[in-house]
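Asker: Dropping a structure here in C-alpha cells format, bear with me for questions.
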Amino acid sequence: MGDSGSFGSTGGGGPNRPSRGSGSLTVHLADELDVYFNEVAHGRPVGFVASPKWKPRTDVYETDQELIVHMDIAGMQAGDFKVELDEGILKVAGERVPRQQGRRHYHAMEVQIGPFERRFRLPVVVDPSSIRATYEHGFLEIRLAKQPPRSSGAQSVRVT
Amino acid sequence: MERLPVLPLGQLVVYPHVVLPLALTDPKAVQLIDEIIQGEKRLLLGVVKSMGGMEPPEGAVMNTLPHQLYDVGTLGTIVRMLKLGDGSVRVMVQGLERARLKDIAQGEKWLMAEPEPLQENLLEDSRTEALKRTVIAQFSRVIDIAPYLGAELHEVLAGITEAGKLADFIAANLDLALKACIKAAVCDAYCSGSADGPRSLTASAWAVQGKVP
C-alpha cells in the first residue's frame, strides 16, 4: 500500500560531513524537515520526490466492516476532489489554491498549495460500488465496505 | 512560459526531484524568496561557473552575470520557508525538472529567464536496463560502505524504476566535484534523443565506479 513514486530519503554529503540519516526519514518529508533547517544542512539532499504533486497526510485503517481513508486537507470544497478506484488502487487528487489576498510579509511558510495527489493500493478486498466520500472540517473521508476473502479451499476443475 | 527569477548557486546543483535545505543570508536572495512566495513559489536554480580557475563561493551568488551561469539549470519550487531573527532565511527547495535558462538577462532586481523544460530521454532499451542494474548494484555498495549515507537509501533506490530519476537520485547523493555534478545534471540536455541512450545514466555509472573501491 502507499503512493507509487513518493518517498523521502536522507541524502549525500562528504566523507568529512556528519551523517544526515536519522534512519526515520522515509515516509513524509514534512515530518522531519525541521531537523534540517540549520546551516549545517545547507545544500544536502533530504528527500527525493518522484512527483511534483504534494501529498496530504492520510490515515488508512480498517474496522470490522469497512476500510477507511482519512485525509488531512483543509481549505477545499467537496467538489474540488477527484476520487477514483480502479484495479484496487484508490487515487485522490485535487488542487489547493491560495486564499490570501494582497501582498504578504512571510515569517514562515509551510502550508502547501497547488496540485496534490495520493495513490493507495488497498490492503483488503473491497466492494467498489460501496465507495462513499465526505468532506467535513478539513478532512476528506472515504469509506469502502470490505468483502470477505475468497475461499481458498480445495477446488476441483473439470477438464474439457 | 512566464519569465522567472533566477537564484544563482555556487558549488551546488539542485537535481530534479531532490529536496534540500538552503541557508540564504544575502539580503537580495532573501528579497527574491519573499517575492516568489507571494505567487506560484517557482524559481530557476542556476549553477555558477568557475571563472579563471576560481571556484564560485558557496550559497547564493547574487552578483552573478548571465554569462557566468551554465545555460541549463533546474526549475524548482519553495516547499517551506522560515525567516530568522537576523534577517536570513532557511528554505526547503524541491527540484522539479531540468530547464534551459532561455533569454537570461538582468532584471530590475535579479536575473530573470524563461524556463525551457528539457525533455528527458524516455527511450529505455536493453542497454539502459543493463546500465540501470549496474548502477543500482554499485550504488548499493556505496550506501553500505559510505558512513554519510543512511541505510534507508536502499529502500528509496529499490523504488526508482526510471533511468533518468535513478541518475538524478544517485548523482544528488554522491559527493561529486562540481564539474561531475554539472556533467550528470546537463548531459541529458545535450544528448537527449541520441542513439547512445541516456547519457546521464552513463555519467552516473562512471561517477559511481569512481566511488567504489
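Asker: For A:47-58, what's the mean count of beta carbons from other chains sitting within 10 Å of each residue's beta carbon?
Answerer: Mean shielding by partner chains, rounded to a whole number: 5.
Asker: Mind scanning B:41/B:109; A:82/A:146; B:109/B:165; A:146/B:132; A:55/B:49 and naming the pairs with a C-alpha gap bigger than 29 Å?
Answerer: With Cα atoms farther than 29 Å apart: B:109/B:165; A:146/B:132; A:55/B:49.
Asker: Ok, one more. Other chains near B:16-28: what is the mean number of their Cβ atoms within 10 Å of each residue's Cβ?
Answerer: The mean count of partner-chain Cβ atoms within 10 Å per residue comes to 5.
Asker: Which whole-angstrom value gives the distance between the alpha carbon centres of the range B:124-138 and the range B:15-61?
Answerer: Taking the Cα centre of each part, the range B:124-138 and the range B:15-61 sit 33 Å apart.
Asker: Sorted by mean Cβ packing within 10 Å, highest first, what order do the peptides B:106-117, B:38-49 take?
Answerer: Result, highest mean Cβ count within 10 Å first: B:38-49, B:106-117.
Asker: Is the range B:4-117 rounded, prolate or oblate when judged by the Cα gyration tensor, a ≥ b ≥ c being the square roots of its eigenvalues, rounded requiring a/c under 1.5 and prolate requiring a/b larger than b/c?
Answerer: The shape class here is rounded.
Asker: Still on this structure, I have one more. Once you list every other residue whose beta carbon is under 10 Å from the beta carbon of residue B:11, what net charge do they have if Lys and Arg are +1 and Asp and Glu are -1?
Answerer: Net charge around residue B:11: -2.
Asker: Looking at the range A:91-152, which trypsin sites (Lys or Arg not before Pro) are DSSP coil and have at most 16 other C-beta atoms within 10 Å of their C-beta?
Answerer: A:99, A:103, A:104, A:150
Asker: Here's a follow-up. Counting partner chain Cβ atoms within 10 Å of every residue's Cβ in B:144-152, what's the average?
Answerer: Across B:144-152, the average partner-chain Cβ count within 10 Å equals 6.
A short reminder: the numbers here are calculations on the coordinates, not readings from a lab. What you see is a predicted model; the values in this text were computed from it and never measured. A quick note on method: Cβ atoms are made from the backbone with ideal geometry, for glycine too, and the neighbour counts reach across all protein chains shown.
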